[in-house]
Amino acid sequence: NLREAILFRVAESTGLVLETIEPQVTVVGGNGSVGRLVSYNSDIPGLFAVDVRLGALAGANVFRIRAGDVTLDVAITGR
């Protein structure tokens, strides 16, 4: 397991934090899995952390973050 492998903030283009949006994280490539999603909003507005587990085979594990209508793919390469 990789604790807090992905850190991200949910904000609009001007930097204003969107506190009402609850992001979702899914696996879209590789054999990894998503662990817990933690909000650190009380310490750093809009900040989230995701624990992940990489697949057993070497290569890219791709995780998709969705917040409202916006998505971002994050690739972590395992050895």
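Applying the Karplus relation 6.51 cos²θ - 1.76 cosθ + 1.60 with θ = phi - 60° to the range 31-42 yields 3J(HN,Hα) values of 10, x, 9, 9, x, 7, 10, 10, 8, 10, 4, 5 Hz, where x marks Gly and Pro. Accessible surface calculations at 1.4 Å, restricted to protein heavy atoms, place the chain at 65 Å² per residue. Ile44 to Asp73: FRET efficiency via 1/(1 + (r/R0)^6), r the Cβ-Cβ distance, R0 22 Å, to the nearest 0.05? After rounding to 0.05, the efficiency reads 0.45. The local environment of Leu2, defined by Cβ-Cβ distances under 11 Å, has a net charge of 0 under the rule Lys, Arg +1 and Asp, Glu -1.
Among the protein heavy atoms of the chain, carbon and sulfur supply 50% of the accessible surface, probe 1.4 Å, non-protein parts ignored.
The values are calculated or read from the model by the stated rules, or taken from the named source; none is laboratory data. Because the structure is predicted, anything quoted here is derived from the model rather than measured. Quick reminder, even Gly has a Cβ in these numbers, built from the backbone with ideal geometry, and neighbours come from all protein chains shown. For the accessible areas, the whole protein counts, side chains as well, though only heavy atoms, and no ligand, DNA or RNA atoms are used. Shrake-Rupley method; radii C 1.70, N 1.55, O 1.52, S 1.80 Å.
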